[in-house]
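Right, one structure below, let's go through it.
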Amino acid sequence: MKIKVLGPGCPKCANLYDNVVLAIKELGLEASVEKITDLGQIAAHGVLQTPGLVIDGKVVSQGKILSVEEIIRLLKS
């Protein structure tokens with residue numbers, strides 16, 4: 001599983017990244033988590049509001065900080 005957190009490096013983006021890491025640990029998943037700060041790459045994903053969350057190439061959230069529980073639900077679906 002490949003997960004990307006998209007954002008310019010703001011505190012909201014860091015918070016989402018931390019929540020993703022916690023969710024992965026809680027589920028015991030094998031996944032890579034990458035921070036994408038390049039605005040060109042963020043735009044290429046079609047994300048207009050940061051932070052954005054991409055799971056296996058699909059944008060699943062943008063413009064808000066998801067809780068660990070919300071991320072777990074996304075990872076399970």
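Condition first: over 10 Å from the mean Cα position of the chain (by Cα), open to solvent by less than 60 Å² (accessible area, probe 1.4 Å) and under 15 Å from Q62 (Cβ atoms). Now tell me which residues in the range 1-44 satisfy that.
Residues satisfying the conditions are C10, I42.
State all residues of the range 1-36 that are under 15 Å from Q49 (Cβ atoms) and among the β-branched types (V, I, T); if no residue qualifies, say none.
V5, I36
Where in the chain are there helices (runs of 4 or more DSSP H), lying fully within it, with 2 or more residues that are in contact (Cβ under 8 Å) with a residue 40 or more places away in the chain?
Ranges flagged: 11-27, 68-76.
Which of the residues spanning the range 50-74 are touching a strand residue (DSSP E or B) at 6+ places or on another chain (Cβ under 7 Å), crowded, with 16+ Cβ neighbours inside 10 Å and among the hydrophobic types (A, V, I, L, M, F, W, C)?
L53, V54, I55, V60, L66, L74
The values are calculated or read from the model by the stated rules, or taken from the named source; none is laboratory data. Note that this is a predicted model, so its numbers are computed, not measured. Here the Cβ is made from the backbone with ideal geometry for all residues, glycine too, and neighbour counts use every protein chain on show. Heads up: the accessible areas ignore ligands, DNA and RNA and are worked out on the full protein's heavy atoms, side chains in. Shrake-Rupley method; radii C 1.70, N 1.55, O 1.52, S 1.80 Å.
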